[in-house]
Amino acid sequence: MQGSQIHKEIWIDECHKGVRYGMKGRILLNEESEFQRITIIESHRYGKGLLLDGCWMTAEQQEKHYHECLVHPALCGAKAIQRVLVIGGGDGGTARECLMHKELATLDLVEIDPKVVEVCKKYLPSIGGSAWEDPRLKLHISDGVSWVSKCKVNSYDVILVDSSDPSGPAEGLFNETFLRNCRRILNTGGVFAMQSESPESFLQIHLDTVKLLRKVFNYADPLYGSVPMYPSGWWSWTFAAMEGHHYQNPLKKRADAISPQCKIWSEKWQKGAFEAMPAFIERALV
Ligand code: SPD
């Protein structure tokens, strides 16, 4: 994208494996931070949106498709949810969904790029919403890989990784050393979850991620949903735990408390989404 394209109506595309995933809109900001290119757009269809290094991250009228699916299976299924860690998620959407759960006492949000937080607060304030003022939220500008390596055992009840794709600043969040540290600092009965890419356009990364999580945590299952702006529109989140598949069974009290405010997530939706594993993935994961 060129500087001359700022404010002109254009097609803005993420190009992946010879396919373009695009929206018509105007570019409001296009800047290089210390870590990545940050682009804010205003689209007709989904409102204002964010790209990092040319890849779609979120948009005002679509973010719930992603954030609710990452957060609620984990927070409704963990034994306790007092202490939550979010790695990435500098737009605030994951934090906002977590903070809907009143039992949550402390949320450490660890984002590597301060510019992402600054830009999202300015251009996409509805995504973080009231999370930014919530006293339970502690924002740490830090590298997630190094953060988890320094935490004590049993530090968190839930760990969520809301990252971009595994290249650039997010690369280390998909590797075994990082995940082993997450397991070490996860409390008994806890749940770990991460975005695990598209089973269509990022098939190999998706399979590798699920297999690695099974190896590291013992139990891991992908859940499938739709994020229309991402490559293929077909997305996944993988949930992991050390003792069993308890992330598949939402606690009724927690589910009932948040359901009325959710657009996509519900107990019924979650059950179907865990079951919706396509046959070719089932065969590949044996
Ligand atoms: N290919 C895009 C994957 C991005 C996942 N994270 C989005 C951040 C939204 N909080």
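The values are calculated or read from the model by the stated rules, or taken from the named source; none is laboratory data. These figures come from a predicted structure and were not determined experimentally. Every residue, glycine as well, gets a Cβ built from its backbone with ideal geometry; the counts of neighbours run over all protein chains shown.
Brief remarks on what is shown
- Evaluating residue 64 against the criteria (1) surrounded by fewer than 24 Cβ atoms within 10 Å (Cβ to Cβ); (2) outside any strand (DSSP E or B); (3) more than 12 Å from the ligand (Cβ to nearest atom) leaves one unmet condition, (3).
- Helices (runs of 4 or more DSSP H) lying entirely in region 80-172 (those with 3 or more residues that are buried (at least 16 other Cβ atoms within 10 Å of the Cβ)): 93-98, 114-123, 144-150
- Matching residues, region 43-59, being more than 11 Å from the ligand (Cβ to nearest atom), closer than 17 Å to residue 121 by Cα and buried (at least 19 other Cβ atoms within 10 Å of the Cβ): 48
- Members of region 211-261 that are within 16 Å of the ligand (Cβ to nearest atom) and either modelled with pLDDT under 95 or outside any strand (DSSP E or B) (or both): 227, 228, 229, 230, 231, 232, 233
- Consider region 161-196 and keep the residues that are within 23 Å of residue 225 (Cα to Cα) and β-branched (Val, Ile, Thr). The one that is farthest from the ligand (Cβ to nearest atom) is 191.
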